[in-house]
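The values are calculated or read from the model by the stated rules, or taken from the named source; none is laboratory data. Keep in mind that what you see is a predicted model, and the values were worked out from it rather than measured. Neighbour counts are summed over all protein chains in view; Cβ atoms, including those assigned to glycine, are modelled from backbone coordinates with ideal geometry. Protein only, heavy atoms only, side chains kept; ligands, DNA and RNA dropped before computing areas. Shrake-Rupley method; radii C 1.70, N 1.55, O 1.52, S 1.80 Å.
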Amino acid sequence: MALKITVIGTGYLGATHAAAMAELGFEVLGLDVVPEKIELLSSGRVPMYEPGLEDLLAKHVAGIEGSTGRLRFTTSWEEVGAFGDVHFVCVNTPQKHGEYACDMSYVDAAFASLAAVVREGALVVGKSTVPVGSAERLAGLLPEGVDLAWNPEFLREGFAVQDTLRPDRIVVGVQGERAEKTLREVYAVPVGQGSPFVVTDFPTAELVKTSANSFLATKISFINAMAELCEATGGDVAKLAEAIGHDDRIGAKFLRAGIGFGGGCLPKDIRAFMARAGELGADQALTFLREIDSINMRRRGQMVEMAREALGGSTFLGRRVAVLGATFKPDSDDVRDSPALNVAGQIHLQGGQVTVYDPKGMENARRVFPTLGYAETALDAVRGADVVLHLTEWREFRELDPAELASVVSSRVILDGRNALDGERWRAAGWTYRAMGRPRA
């Protein structure tokens, strides 16, 4: 008999995982405690922008014409317990307010509710990013005869569907052969297509996600630190990155200097990692992450100062600033801890008249910063601007016509906070183009 799967928590991770499991051929039941979210998903729509996800949902959600009907959603824990052979826990683990540590309240609540209804012989699989040691503790909350495995997620926003269906690795932390066998059955298709299947213990599985994110954060902050040195010496960080990226031991990915990383994962994950190391008495092992975080946050302030310098070096008061980008990365509507929105907000709070445009993040940005100005197009955003800031590397911005924008701005000055635009093309259209860590023309 084919396994039946439940997914607990239908946010970014859970909605994607549920749709992907249906695509792999399983009957899937998703649960969330927010009725409005369940109603939305049951109609084949998603509460966030993620390329390909809504189409995948519509392909499988029961009740939609032409769908396979393999995917349903509910708010009932009893229905989940009666239905599922494998329960994936995908709830959020945000940063605690005022602390670096991870807030485990949603995970703990999910496990407590599931423990009351789960059938003997079922497998519970944690996918949430948790502090190392959590799986061992959570296993004690489950009834006898119910196994636990830890299967960290490695989704990239903008590529989540691809990363779930064709992952570059599948990591499972288990305590017995039964859990491993079940997860090999769940992931048989991607493993058959070549995805490595790595079996570990609980602590190692929990450490994989936070270690990977810490490494990526380190690489990003390293090149941003080099950008600071290039700015001080007249060097070119783009050429520097190209040169060191040819070394196979280093690689070219994540070596584009700019205003740094943000989003709902990297910042809070490295902070939670530091906090957990401190709890374990191993804080010295991760003290370098404090500087990584500091470099990252410093880049935002440096972009603000670049903008101030471009306006004459004194004040933003009464000056018009256009910001291209609000999301923390392209192909997403996520503005959580967005460097772009943070820079826009800082300039606004210092008296600048800031107008923001983003292809997908406008609604979320308005919720976070309702006092900023917003435009419906890039052209409208830069109209009358004294300086233009490019802060999220959307393809739409790379394809803008510099001559068209030049006809509506007050001053042809653009600051590239992502080192993603073609500077020569902008200069040829009469713009003063500056990028972080690059020589002035």
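Table for the structure above
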| read-out | value |
| --- | --- |
| One residue from Gly81, Gly30, Gly44 being part of a helix (DSSP H, G or I) and open to solvent by less than 10 Å² (accessible area, probe 1.4 Å) | Gly81 |
| Pair list, Cβ under 9 Å, 6 or more apart: the stretch 416-441 residue hydroxyl-bearing (Ser, Thr, Tyr), other residue in a helix (DSSP H, G or I) and open to solvent by 80 Å² or more (accessible area, probe 1.4 Å) | Tyr433/Glu424; Tyr433/Arg425 |
| Members of the stretch 372-393 that are crowded, with 24+ Cβ neighbours inside 10 Å and not small (Gly, Ala, Ser) | Val382, Val387, Val388, Leu389, His390, Leu391, Thr392 |
| Positions within the stretch 269-305 being crowded, with 20+ Cβ neighbours inside 10 Å and in contact with a Leu (Cβ under 8 Å, 6 or more places away or on another chain), in sequence order | Ile270, Phe273, Met274, Met303 |
| Positions within the stretch 331-371 being within 16 Å of Gly318 (Cβ to Cβ), open to solvent by less than 20 Å² (accessible area, probe 1.4 Å) and in a loop (DSSP other than H, G, I, E, B), in sequence order | Gly352 |
| Close pairs (8 angstrom Cβ cut-off, 6 or more residues apart or separate chains): in contact (Cβ under 8 Å) with a residue 24 or more places away in the chain and farther than 23 Å from Ala282 by Cβ in the stretch 183-210, in a helix (DSSP H, G or I) and open to solvent by less than 10 Å² (accessible area, probe 1.4 Å) anywhere | Val186/Met21 |
| Filtered residues of the stretch 186-204 (kept if closer than 13 Å to Glu136 by Cα and either over 25 Å from the mean Cα position of the chain (by Cα) or open to solvent by less than 50 Å² (accessible area, probe 1.4 Å) (or both)) | Asp201, Phe202 |
| Scan of the stretch 158-185 for residues that are closer than 20 Å to Ser211 by Cα, open to solvent by 10 Å² or more (accessible area, probe 1.4 Å) and assigned to a helix (DSSP H, G or I), ordered by number | Asp163, Thr164 |
| Residue list for the stretch 35-92, restricted to those being of a type in the set (S, T, N, Q) and either at pLDDT 95 or above or farther than 13 Å from Gly14 by Cα (or both) | Ser42, Ser43, Ser67, Thr68, Thr74, Thr75, Ser76 |
| From Leu155, Leu141, Leu207, residue being farther than 23 Å from Phe83 by Cβ, open to solvent by 50 Å² or more (accessible area, probe 1.4 Å) and either at pLDDT 95 or above or part of a loop (DSSP other than H, G, I, E, B) (or both) | Leu207 |
| Contacts under 6 angstrom Cβ, first residue in the stretch 272-298 being modelled with pLDDT of 95 or more, partner open to solvent by 40 Å² or more (accessible area, probe 1.4 Å) and outside any helix (DSSP H, G or I), 6 or more apart | Met274/Tyr100; Ala275/Tyr100 |
| Residue count, the stretch 423-441 (criterion: open to solvent by 20 Å² or more (accessible area, probe 1.4 Å) and closer than 21 Å to Phe254 by Cβ) | 1 |
| Looking only at the stretch 219-268, and only at residues there that are of a type in the set (Val, Ile, Thr) and open to solvent by 40 Å² or more (accessible area, probe 1.4 Å), the one that is farthest from Tyr12 (Cα to Cα) | Thr233 |
